[in-house]
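A short write-up of the structure that comes next.
Computed from the coordinates by the stated procedures, all read-outs in this text should not be read as laboratory data. Values in this document were obtained by computation on a predicted structure and should not be read as measured data. Here Cβ is always computed from backbone atoms with ideal geometry, including for glycine, and neighbour counts include all displayed protein chains.
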Amino acid sequence: MSYDPLTAPGPGEGLAHVESYWAATAGPAPADDGQLNSGIDTDIAIIGAGYTGLSCAYYLAQRYGARPVVLEANQPLWGCSGRNGSFAGPALGRVALREWSARWGETGARSLWDEALAAVGTVRDLIQEGGIDCDVQPDGRMRLAHAMSTVKLLEDDARVLQSFGSNCEMLSAADIAAQHFRGNEAHAALRTTDGFCLHPMKFGYGILRMAREAGAVVYSASPVLKWTRHGDVHHLGTPAGEVRAKRIVFATNGYTNELLHPALKARLLPVLSNIVVTRPMTEAEQAESNLVTRDSISDTRKFLNYYRRLPDGRLMLGSRGAILESGSAPHRERLLQIVRRKFPALGSITVDYFWGGWVALTPDMMPHVGHAEEDASVCFALGYCGSGVTAANHAGRRLAEYLGEGRAVPVHLNQPLPRYPLARLRRLGQFAAFQWFTMSDALT
C-alpha cells in the first residue's frame, strides 16, 4: 500500500527493510531489544532509530551515562538512514554556497561552514570510535556543470570555498575525462577533498551496536501511536507497551507523523528520492568509460542527479522520485536512461536494484535542531533536505550535548522550525514546483 507521511498515521509496524543494494550487502543486522511489550520509565525517550536517534542515544549513553530508550516503528535504519545516496560531505541544508553571505553575513557564513566541517568530523569520529567497517572510500567530492551555462555557478561557489580556506579546484572537461570518467554532461567540475562515500547501512549498523553497548535500549516494531502528557511526564503509547519519559526527542525526519505533536504540524515537506544500482560493469565498459573515480558526484540540475561508482564496479545513481509512492515504478527506467545518457559507454547496462525513500524539506531549506517553543522537554532534529548522512548524525550529537550538559545548539541550527503556508496544499505546491524545475532543466 502506498505510504505518504503527510497523511499516514505512521510508517508501519515491524516492516522489513526495502530490497535495496545496501540491505543486500550490509551483512547480518546487529541485535536490538525487540518489541516493547510493557510499560517502562526513562529520563529520555527517542522516537526513531535512524542516524539521528541512534547517534543521539550513543552520545547520551557514552558521554553522559544516560540510558535512553529508542522507539523504532519498523527496523533500525529502516528509513532513509538505510536507503540514502551514501555521501558524507559538509552539507547542512540546501542553500547554495554563493548565497550564504547574503543570508547570514560573512561571519555567519564562515561559522556555518565550520559547523558543516564539524558534521563530517562527527561521521569520521563515529567510524573511528566504533571501528565500523563501512567501505569508506578515499576523500573526494565533485559537483559537475551539466551544461556550459552552469559553469559560472560552480566558479562562484569555488570562490566562496576558497574564502573559507577549503582545498578545492576547478576541473575542465578534459581533466574530468582523464582523471575521473569519460561521459556527457560534464563541462566542468568543482572538486573538494572534504567528504567521502561509505556504505550507509553498514555505518548505521555500527552506530546501533555502539549505542546498545554504551547502555541505550533500542526497541524495534514499536511505533509511537499516541502521545499524551500528565504533569511533567510524557506518555508514549506503542502497540504493546508504553514509555513514560521526562524528555522526548523526535528523530523521524521524512517519516514524521506530524499529527503526533503540535510542534511538528505543517513543518516538513516529505519528498521521494529514488536510486538505481546497475549490474557490475564489464571490463570493456570500464575501459571505455574510464569510470575510475571514487568521488561522490552530483550535478547542477534543479532535479539534482547524484551518483558514484561502487566498490564492486556497479554504478549508483539517484534523483527525485514521484509525488507519491504509487507513481514510483516508471522512475526505474527514467533513472536508467539518465545513466545511459551520462555514460554512453554504458548504453547496454541494466539495473539490479531500485528503491526510494522520503527526504524531509523545510520552508527555509535548513535543518533544525532544538525544542518546541512552548515546551523545552520536547526536542527534535529534522529537515536535512537530502544531506542526512552528515547532518543527521551531527544533529544527534548536538542534541545529546544539549540534553546531557545543557550546551547550546549552534545558532544556525537552533532556529524556530517554520511552518509551511497553506500546508494542506503542500502536495499541490510540490507538483507546481516539479513542473517549473522540469522546464528550467530543459532550458539549460
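Only one of these conditions is not met by THR42: (1) polar (S, T, N, Q); (2) closer than 30 Å to VAL160 by Cβ; (3) surrounded by 18 or more Cβ atoms within 10 Å (Cβ to Cβ). Which number is it?
Status for THR42: all satisfied but (2).
Residues in segment 233-251: is at least one under 25 Å from GLY321 (Cβ atoms) and touching a helix residue (DSSP H, G or I) at 6+ places or on another chain (Cβ under 8 Å)? It would help to see each step written out before you state the result.
Here is the first cut: in segment 233-251, the residues under 25 Å from GLY321 (Cβ atoms) are 250-251.
This time we only want the ones that are touching a helix residue (DSSP H, G or I) at 6+ places or on another chain (Cβ under 8 Å), so: 250-251.
Looking through segment 233-251, at least one residue is under 25 Å from GLY321 (Cβ atoms) and touching a helix residue (DSSP H, G or I) at 6+ places or on another chain (Cβ under 8 Å).
Anything in segment 263-279 that is over 14 Å from ARG340 (Cα atoms) and not in a strand (DSSP E or B)? List them, or say none. Break it down into steps so the answer makes sense when it comes.
Step one: filter segment 263-279 for residues over 14 Å from ARG340 (Cα atoms), giving 263-275.
Listed by number, the residues that qualify are ALA263, LEU264, LYS265, ALA266, ARG267, LEU268.
Does ARG267 count as among the charged types (D, E, K, R), over 25 Å from PRO30 (Cα atoms) and surrounded by 19 or more Cβ atoms within 10 Å (Cβ to Cβ)? First the steps, then the outcome.
Details: among the charged types (D, E, K, R): yes; over 25 Å from PRO30 (Cα atoms): yes; surrounded by 19 or more Cβ atoms within 10 Å (Cβ to Cβ): yes.
Criteria met by ARG267.
Mind checking whether some residue in segment 207-215 is farther than 27 Å from LEU117 by Cα, aliphatic (A, V, I, L, M), in contact (Cβ under 8 Å) with a residue 12 or more places away in the chain and surrounded by 19 or more Cβ atoms within 10 Å (Cβ to Cβ)?
no
Within segment 326-347, work out how many residues are in contact (Cβ under 8 Å) with a residue 60 or more places away in the chain and surrounded by fewer than 17 Cβ atoms within 10 Å (Cβ to Cβ). Explain how you work it out, then say what you get.
Of the residues in segment 326-347, the ones in contact (Cβ under 8 Å) with a residue 60 or more places away in the chain are 326, 335-336, 339, 341-346.
Filter once more, keeping what is surrounded by fewer than 17 Cβ atoms within 10 Å (Cβ to Cβ): 326, 341, 344.
Count: 3.
Among the numbered conditions (1) part of a loop (DSSP other than H, G, I, E, B); (2) aromatic (Phe, Trp, Tyr); (3) within 21 Å of HIS199 (Cβ to Cβ), tell me where PHE303 comes up short.
(3)
Taking segment 281-297 only, how many residues are under 29 Å from the mean Cα position of the chain (by Cα) and over 13 Å from GLN179 (Cα atoms)?
Looking only at that region, the number is 3.
Here's a check for you: in segment 15-32, which residue that is surrounded by fewer than 16 Cβ atoms within 10 Å (Cβ to Cβ) and not hydrophobic (A, V, I, L, M, F, W, C) is farthest from PHE354 (Cα to Cα)? Can you show your working first?
Quick first cut of segment 15-32, residues surrounded by fewer than 16 Cβ atoms within 10 Å (Cβ to Cβ) only: 15-16, 19, 24, 27-28, 31.
Those left that are additionally not hydrophobic (A, V, I, L, M, F, W, C): 19, 27-28.
Numbers: GLU19: 8, GLY27: 19, PRO28: 21 Å.
The qualifying residue farthest from PHE354 (Cα to Cα) is PRO28.
For segment 66-122, how many residues meet the condition of being over 24 Å from THR193 (Cβ atoms), within 16 Å of the chain's Cα centre (by Cα) and assigned to a helix (DSSP H, G or I)?
Qualifying residue count, segment 66-122: 3.
Check every one of the strands (runs of 3 or more DSSP E) wholly within segment 178-262 and list those with 1 or more residues that are under 24 Å from LEU126 (Cβ atoms) and more than 18 Å from the chain's Cα centre (by Cα). Before the answer, list the steps.
On the way: elements: 188-192, 217-219, 226-230, 233-237, 242-250.
The qualifying strands (runs of 3 or more DSSP E) are 188-192, 217-219, 242-250.
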